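Everything below concerns the one structure shown next.
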Amino acid sequence: MNKLFDMTGKVALVTGGAGLLGKKHAEAIIEQGGKVIIADYNFDSAVKIANKLGNLAHAEYINVLDKESIFRVVNKYEKIDVLINNAGHALRAPSVDYPMDDWDRLIELNLTAPFLLSRGLAPPMLHRGAGKVIFTASLWSFLGGRSVPAYTVTKSGIAGMIRALSNEWAPQGVQVNGIAPGYIDTDLTRPAINDPEIGPAFLARIPAGRWGEPQDVAGAALFLASHHSDYITGTIVPVDGGWLAH
């Protein structure tokens, strides 16, 4: 097996690990010899995925909307080498009609939870002088979007968090970066992809001429998790088929 991005001896925790992207992150790291904690609210699915992936995978329950659940996970794992903040969600609605309950929920889910996990799991990394914290940003970390105010605000906040934490932690050997997926074929984006008007218009906006696949994002995550990214910090890698460059 070619282990160009060798992860042997490393332990990664992936939130939203039972989703398509989370599963692909886990598979990529395990293929390189790393151990993965698949952390998800859907614990039964996380267990099934972990069982399929073998003894390098472990399932963990987490509810990222519950601070006590986050603190429990942080206190349980003393040595995490790589944290992939993958859990997140979006809700589309015009700003003037946007439900405030959903606004508050997305702030907690997309912004507060990854901060708490990063802050909680970073101290042992900082003490060792090595570690990787990877955030899931978005095209809307750079653009305004339309009718996705909470998502845009939280993903713009993630971009700022990446820079802020990197400035603090880079001197102690911990790299903080992000991935900005474009239109990847997942449950979250499929309604837009399959829409007879939106889908063709968006596809025409992508120079690569295709929708992204979950493994495209996992490749970027593996690179940022590996030693090959040791001099890369405070940045966001777009995985968008050229959308932002168009």
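The values are calculated or read from the model by the stated rules, or taken from the named source; none is laboratory data. Just so we're clear, the structure is a prediction, and the values are computed from it rather than from any experiment. When we count neighbours, we look across all protein chains shown, and the Cβ atoms used for this are built from the backbone with ideal geometry, even at glycine. Protein only, heavy atoms only, side chains kept; ligands, DNA and RNA dropped before computing areas. Shrake-Rupley method; radii C 1.70, N 1.55, O 1.52, S 1.80 Å.
The one condition from (1) open to solvent by 40 Å² or more (accessible area, probe 1.4 Å); (2) closer than 30 Å to Ile198 by Cβ that Ala164 does not meet is (2).
Picking from residues in the range 46-86 that are polar (S, T, N, Q) and within 25 Å of Ala180 (Cα to Cα), the one that is farthest from the chain's Cα centre (by Cα) is Asn63.
Any residue that is among the β-branched types (Val, Ile, Thr), open to solvent by 20 Å² or more (accessible area, probe 1.4 Å) and modelled with pLDDT of 95 or more - is there at least one of those in the range 222-234? Yes, some residue in the range 222-234 is among the β-branched types (Val, Ile, Thr), open to solvent by 20 Å² or more (accessible area, probe 1.4 Å) and modelled with pLDDT of 95 or more. Just one of the listed residues (Pro124, Pro181, Pro114) is within 13 Å of Ile236 (Cβ to Cβ), at pLDDT 95 or above and touching a strand residue (DSSP E or B) at 6+ places or on another chain (Cβ under 9 Å), and it is Pro181. Restricting Pro238, Pro171, Pro191 to residues that are within 13 Å of the chain's Cα centre (by Cα) and either open to solvent by less than 40 Å² (accessible area, probe 1.4 Å) or not aromatic (Phe, Trp, Tyr) (or both) narrows the list to Pro238. Residues of the range 41-63 that are part of a strand (DSSP E or B) and either hydroxyl-bearing (Ser, Thr, Tyr) or farther than 20 Å from Lys132 by Cβ (or both): Ala59, Tyr61.
Please go through the range 21-40 and give me each residue that is open to solvent by 20 Å² or more (accessible area, probe 1.4 Å), of a type in the set (A, V, I, L, M) and without any contact (Cβ under 8 Å) to a residue 60 or more places away in the chain, ordered by number. Answer for the range 21-40, where residues must be open to solvent by 20 Å² or more (accessible area, probe 1.4 Å), of a type in the set (A, V, I, L, M) and without any contact (Cβ under 8 Å) to a residue 60 or more places away in the chain: just Ile30. Go through the range 77-97 and count every residue that is charged (D, E, K, R) and either outside any loop (DSSP other than H, G, I, E, B) or at positive phi (or both). Here the count works out to 1. Pairs are defined by a Cβ separation below 7 Å, a sequence spacing of at least 6 or placement on different chains, a first member in the range 114-125 that is in contact (Cβ under 8 Å) with a residue 40 or more places away in the chain, and a second member that is open to solvent by 10 Å² or more (accessible area, probe 1.4 Å) and among the acidic types (Asp, Glu); the pairs so defined are Pro124/Glu78.
Conditions tested, residue by residue: (1) farther than 25 Å from Trp140 by Cβ; (2) open to solvent by less than 80 Å² (accessible area, probe 1.4 Å); (3) without any contact (Cβ under 8 Å) to a residue 12 or more places away in the chain; (4) aliphatic (A, V, I, L, M).
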site	(1), (2), (3), (4)
Gly19	no, yes, no, no
Glu60	yes, yes, no, no
Ile70	no, yes, no, yes
Asn86	no, yes, no, no
Ala93	no, yes, no, yes
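Summed over the range 15-36, the residues that are part of a helix (DSSP H, G or I), closer than 19 Å to Leu109 by Cα and small (Gly, Ala, Ser) give a count of 1.
Selection of first residues in the range 128-150 that are at positive phi and surrounded by fewer than 21 Cβ atoms within 10 Å (Cβ to Cβ) and of second residues that are not aliphatic (A, V, I, L, M) and not in a loop (DSSP other than H, G, I, E, B), restricted to Cβ pairs under 8 Å at least 6 apart or on distinct chains, gives the following pairs, ordered by first then second residue: Gly129/Gln172; Gly145/Tyr151; Gly145/Thr152; Ser147/Ser95. Hey, among the residues in the range 96-118 that are farther than 19 Å from Ile179 by Cα and open to solvent by 60 Å² or more (accessible area, probe 1.4 Å), which one's nearest to the chain's Cα centre (by Cα)? Looking at residues that are farther than 19 Å from Ile179 by Cα and open to solvent by 60 Å² or more (accessible area, probe 1.4 Å), I get Arg105.
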